[in-house]
Amino acid sequence: MSDRDEPRELVPDDGLAAVFLAVPDALLVFSREGRVRAANPAAQRFLDADPTGWSLERLAALDGVFAPLQDFLDDLHHQRSAWTAQLHSARRKRDLAVVASAWDGGSVVLLHDITDLLDRGRFRDEMLRLASHDLRAPLALVMNYCDLIAAELPDASPRVTQYLDVIRRFTGRMLNLLDAILRIDQIRLSPLELHEQVNPAELARLAVENMIWPADQKNQQLEADVQAGTELLTADPLLIQEAMENLIGNAIKYTPDGGHIAVRAHVEAGRFHFVVEDNGVGFGQEHLPHIFEAFYRAKQPGTEQVEGSGLGLNLVKTAIERHLGEVWVESREGEGSRFGFWLPLQSTKE
Ligand code: ADP
């Protein structure tokens, strides 16, 4: 084939031709020698020209984003593999994900515009920085000043004391919310290399132990059946224990005084299973698809006074999925709920 072959001949099937013409990403087909054999309309728009027949040098002279392509196309032909890179077009002021793939006769290069995606990422990072520092620090100061005022005014009227309590309570709520948001982000970004070999049954026992006191406060019966196992899990132990405590904590929160909570943990078919069952308020089926979403609260009758951010279950889901496991839930309004997760046991030791 010559370097001037039409795209139509390169993509013999009508369906493929349609994809080549309609795809919004710029697609360029190169010969083995590095000349453009075909460029789809998106590529022509990106270049403001039809580059068919152009050499890579000519492309790079027009837009520097093509400059690094020479080396990797050479590489590709030797190894016949695929290549991806994040490059910037100064001419277009766009960030691009560049994907290239080669076969015997040439290579295909796709340019996908990720400018908006990166912008959103930068905005999100900025918001998190704002939350962690610019919002958190002044809120912590408000809390401290409330304590100072209370200390300075030992004979304050009950009304002043009440006002201070309200400020402290709401400020505390905002601080908890910020901490939960930051914690979820931290989990998402946490490096998996930091994980250790841990005994999940041991974590379950510790989690139950830590929740005995809150359950006692509500005269609830907290029953645990944690089957001792020697199987180890590759995990961030604090995170898994935190997820377990979140589920038990929710069962306590959403179960009236005197209720019953059962925690069960066991290993089966290479998986560690953890389940928390309660006979609390439960919730209707319409909430099921959303219950693990961030900020989602079912707001069942009887839970009006229960404080929360709707982030606890999202934290559990994020933590468990980070460990390649899965969360699940069953619930009946007015009868109770069963929340659980499983985690893959990557390595088993005596
Ligand atoms: P929060 O408790 O702070 O609102 P979560 O993310 O932990 O946030 O839970 C989200 C929602 O799921 C809660 O608002 C509640 O409506 C519902 N929920 C969670 N656990 C239970 C439970 N054990 N029983 C009934 N409802 C629950």
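The values are calculated or read from the model by the stated rules, or taken from the named source; none is laboratory data. Note that this is a predicted model, so its numbers are computed, not measured. Every residue, glycine among them, receives a Cβ derived from its backbone with ideal geometry; neighbour counts consider all protein chains shown. SASA here: full protein model, heavy atoms, side chains in, ligands and nucleic acids out. Shrake-Rupley method; radii C 1.70, N 1.55, O 1.52, S 1.80 Å.
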If only Cα atoms are counted, what is the Rg of the chain, and what is its Dmax, in Å?
29.0, 95
Report ³J(HN,Hα) in whole Hz for each residue of region 172-187, in order, from the Karplus equation J = 6.51 cos²θ - 1.76 cosθ + 1.60 where θ = phi - 60°; Gly and Pro get x.
x, 5, 5, 5, 4, 5, 4, 4, 5, 4, 5, 5, 4, 5, 4, 5
Å² of accessible area per residue within region 206-350, as computed with a 1.4 Å probe and no ligands counted
50 Å²
Positive-end residue of His323, Leu110, Ala204, charge dipole of the chain with Cβ unit charges
Leu110
Quote to one decimal, in nm, the extra length available between Leu189 and Gln70 on full extension: 0.36 nm per residue of separation minus the C-alpha distance between them.
39.5 nm
Show me, for region 35-47, the HN-Hα J-couplings you get by feeding each phi into the Karplus relation (A = 6.51, B = -1.76, C = 1.60, θ = phi - 60°), rounded to Hz, glycine and proline as x.
9, 6, 8, 7, 9, 6, x, 5, 5, 5, 5, 4, 8
How many percent of the accessible area of the chain is carbon or sulfur, using a 1.4 Å probe?
54 percent
To the nearest 20 Debye, how big is the dipole of the chain about its Cα centre, given +1 on the beta carbon of each Lys and Arg and -1 on that of each Asp and Glu?
700 debye
For the chain, whose charge dipole is built from +1 on Lys and Arg Cβ atoms and -1 on Asp and Glu Cβ atoms, the candidate among Leu21, Ala224, Phe341 with its Cα farthest towards the positive end is Leu21
Result: in the chain the number of Lys pairs with C-alpha under 30 Å apart, spaced 8 or more or on different chains, is 7
Could you work out the local net charge near Val263, counting Lys and Arg as +1, Asp and Glu as -1, over the other residues with Cβ closer than 13 Å to its Cβ?
-3
Once you place label points 7 Å from the Cα toward the Cβ at Ala61 and Phe170, how far apart are they in nm?
6.7 nm
Integer Hz, Karplus 6.51/-1.76/1.60 couplings in order for region 108-115, x for Gly and Pro
10, 10, 10, 10, 10, 6, 10, 4
Compute the accessible area per residue over region 136-189, keeping the other protein chains in place, probe 1.4 Å, unit Å².
70 Å²
Förster-model FRET efficiency, 25 Å R0, Gln285 and Glu326, C-beta, rounded to 0.05:
0.80
Helix 200-217: inclination vs the chain longest Cα principal axis, degrees, rounded to 10, gives 40 degrees
Ellipticity estimate at 222 nm from DSSP helix runs (n ≥ 4, -39,500 (n - 2.57)) divided over the chain, nearest 500
-13500 deg cm²/dmol
